[in-house]
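This report refers to the structure that appears directly beneath it.
The values are calculated or read from the model by the stated rules, or taken from the named source; none is laboratory data. Small disclaimer: the values here were computed from a predicted structure and weren't measured. We place every Cβ from the backbone using ideal geometry, glycine too, and count neighbours over all the protein chains shown. What goes into the accessible areas is simple: the full protein's heavy atoms, side chains included, and nothing from ligands, DNA or RNA. Shrake-Rupley method; radii C 1.70, N 1.55, O 1.52, S 1.80 Å.
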Amino acid sequence: MTNSFINEIKNILDQKYVLIEEVDKAPYQTDWRKRFTGKAQAVVLPGASDEVAQIVKLCAANNVSIVPQGGHTGFCGGATPDNIGNQIIMNFKRMNQIREIDVANQTITLEAGCILQAVQEEAANYGFLFPLSLGAEGSCMIGGNLATNAGGTNVLRYGNARDLCLGLEVVTASGDIWDGMKDLRKDNTGYDLRDLFVGSEGTLGIITAAVMKLYPLPISQWTTLVATDNIASTIALLNLFQKRATSLLTGFEMMTQESLDLNEKHFPQMANPLQGNLPYTVLIELSDHESETHVRQLLETILEEAFEAQLISDAVIASNLSQANTFWQMREHITLAQAEEGANLKHDITIPLSFLDSFISETDQLMRERFPGVRIINFGHLGDGNLHYNIAPPLGIDPRFFNETNEKPIRELVYGQVERCKGSISAEHGVGQLKLDGLRAHKGEVAHELMKTLKRALDPQNILNPNKVVSI
Ligand code: FAD
Ligand code: MLT
Ligand code: ZN
């Protein structure tokens, strides 16, 4: 059954790009983790910015709200519609053109639907590194990366999506196209609209294109896995690498024994090459623009210092690129192993490094006292103080363990500790619908009201991804 609103969309887009049958809409209505499912009246697939603008105008006229969507890999339900069935999903997969690589300016101009991995590959074809890198890179899209201000594994050297962005094209809630496609590294001309839209999760505007920074491809990268006994020595190790390798340090990822055990359970080929019961395994990557010998020697020297200072108990250096890739795969597979394992509660938090030891020891202890048997699956981008503090039900216990009696108090416990340590309840995954309720308390009244004021000002009709991030 179609209605006049849908017919009007079909005047803008070819009807094959307006999905209204349940079977066609279904893949867009459930997120990657299968944690959020909603119901849209249609999924629209625009092919150009002016089509996006026309659809937004039409939605405004009909009071229909829009859920922008990239690869639908986000963890907070931001790209999933509500259950009422009146919203439309606007998916960007057709807008996947790389418009330009500017070699002199070291920038790449992209449409919002470009798959992250395709961008990395195209940059590499021109001898450049596009440093944004995350486990979902084979399916997440630049628009989604910018809308969530994605982080990933290279943040400690190159920053997150916001740091990599120079310019944006955005369709506003009134259906105007804001051309902010500047490729300038300096531009102090009043309020920074670009930075406002980045990280706004589709609630303030719809990103249709972007200009992003590129970097020279390193000549050589060396990757090592090391074993540490505790968080204090892991942080001391990070500080040693920061001091001795400075900007050559491009990855510092921490994995606990429990997270690697889970990996091995579901992906035996992803076993840790370091043997024994190791509280922490750390993946460290150095990238160099000088020579292979230079970086290899530097890595070996730092590791020797670390052994002497008793910061590490074991280490293995990847002997070639393929082994380095295997180390990275092991790290990235933890998320997949968690998905295979079933229900688990994800917490994506940042803690100042000086508080991290106390955060982990206190939270672990309280968690085990209050919820006996739960499994704590910790890993994360330790170089950024970003911990993925995840809770799985006790072994053999029904996944419905995470019901009203358990989920809320577990989250409250973790977030209470985050507040004690002056951390953040969302380091890189965003807020979406998952953390909507907790945001007011976390941000504080003043910040929360300012956010609502911005939302009302930029989207007075509340048609852009309503009830995500803030409710007005
Ligand atoms: P979606 O999930 O489709 O959307 C995310 C949000 O952005 C939604 O609110 C949506 O409405 C909005 N949005 C999407 N496109 C637009 C647009 N064009 N304009 C305006 N708003 C838009 N995240 C990290 O930060 N670091 C990681 O290391 C990381 N690793 C991951 C590993 C795996 C295996 C998976 C499945 C996910 C991982 N993520 C990670 C989470 C996720 O991949 C990122 O949040 C990613 O940036 C989302 O991109 P997407 O295209 O899938 O966006
Ligand atoms: C990661 O660091 O691998 C991602 O943020 C995904 C996750 O938290 O599972
Ligand atoms: Zn992460």
*Return yes when G47 is open to solvent by less than 60 Å² (accessible area, probe 1.4 Å), assigned to a loop (DSSP other than H, G, I, E, B) and within 16 Å of ligand 2 (Cβ to nearest atom) and no when it is not.*
no
*List every residue pair whose Cβ atoms sit under 9 Å apart, with the two residues 6 or more apart in sequence or on different chains, where the first one lies in segment 420-434 and is without any contact (Cβ under 8 Å) to a residue 40 or more places away in the chain and of a type in the set (D, E) and the second, anywhere, is part of a strand (DSSP E or B) and open to solvent by 20 Å² or more (accessible area, probe 1.4 Å).*
none
*Which number in (1) without any contact (Cβ under 8 Å) to a residue 40 or more places away in the chain; (2) under 22 Å from the mean Cα position of the chain (by Cα) marks the one condition that M141 misses?*
(1)
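Conditions (1) at pLDDT 95 or above; (2) within 16 Å of ligand 1 (Cβ to nearest atom), marked per residue:
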| position | (1), (2) |
| --- | --- |
| D348 | yes, yes |
| L356 | yes, no |
| L366 | yes, no |
| R375 | yes, no |
| L387 | yes, yes |
| I391 | yes, no |
| P399 | no, no |
| N406 | no, no |
_Hits in segment 159-174 (condition: within 15 Å of ligand 3 (Cβ to nearest atom) and either in contact with a Ser or Thr (Cβ under 7 Å, 6 or more places away or on another chain) or more than 24 Å from L458 (Cα to Cα) (or both))_ = G159, N160
*Does P273 satisfy the condition of being within 30 Å of M181 (Cβ to Cβ) and in contact with a strand residue (DSSP E or B) (Cβ under 7 Å, 6 or more places away or on another chain)?*
no
*Please give the number of the condition L146 fails out of (1) within 11 Å of ligand 1 (Cβ to nearest atom); (2) farther than 25 Å from L283 by Cα; (3) open to solvent by 20 Å² or more (accessible area, probe 1.4 Å).*
(3)
*asked:* Let me confirm something: among D195, D102, D187, which residue is open to solvent by 60 Å² or more (accessible area, probe 1.4 Å) and either among the basic types (K, R) or away from ligand 3 (no atom under 16 Å from the Cβ) (or both)?
replied: D187
_Looking only at residues that are open to solvent by 20 Å² or more (accessible area, probe 1.4 Å) and of a type in the set (V, I, T) in segment 416-472, which one is nearest to G74 (Cα to Cα)?_
I472
*asked:* Between G71, G77, which is open to solvent by less than 20 Å² (accessible area, probe 1.4 Å), within 16 Å of ligand 2 (Cβ to nearest atom) and assigned to a loop (DSSP other than H, G, I, E, B)?
replied: G77
*Could you pull out every one of the strands (runs of 3 or more DSSP E) wholly within segment 252-361 that has 3 or more residues that are open to solvent by less than 50 Å² (accessible area, probe 1.4 Å) and of a type in the set (S, T, Y)?*
280-288
*State whether one or more residues within segment 40-60 are within 10 Å of ligand 1 (Cβ to nearest atom) and under 30 Å from K346 (Cα atoms).*
no
_For segment 409-444, which positions are hydroxyl-bearing (S, T, Y) and either under 14 Å from G199 (Cβ atoms) or in a loop (DSSP other than H, G, I, E, B) (or both)?_
S424, S426
*asked:* Can you report the number of residues in segment 115-128 which are surrounded by fewer than 21 Cβ atoms within 10 Å (Cβ to Cβ) and under 13 Å from G152 (Cβ atoms)?
replied: 2
*Identify all residues within segment 362-388 that are within 16 Å of ligand 3 (Cβ to nearest atom), touching a Ser or Thr at 6+ places or on another chain (Cβ under 8 Å) and not in a helix (DSSP H, G or I); write none if there are none.*
I377, N378, F379, H381, G385, N386, L387
*Output yes when any residue across segment 445-459 is part of a helix (DSSP H, G or I) and over 22 Å from T148 (Cα atoms), and no when none is.*
yes
*Residue list for segment 168-188, restricted to those being over 17 Å from E201 (Cα atoms), in a strand (DSSP E or B) and in contact with a Lys or Arg (Cβ under 7 Å, 6 or more places away or on another chain)*: G180
*asked:* When you check A42 against the structure, is it among the aliphatic types (A, V, I, L, M), open to solvent by 20 Å² or more (accessible area, probe 1.4 Å) and away from ligand 3 (no atom under 16 Å from the Cβ), yes or no?
replied: no
*With respect to I377, is the statement that it is in contact (Cβ under 8 Å) with a residue 24 or more places away in the chain, under 21 Å from G251 (Cβ atoms), away from ligand 2 (no atom under 13 Å from the Cβ) and in contact with a helix residue (DSSP H, G or I) (Cβ under 7 Å, 6 or more places away or on another chain) true?*
no
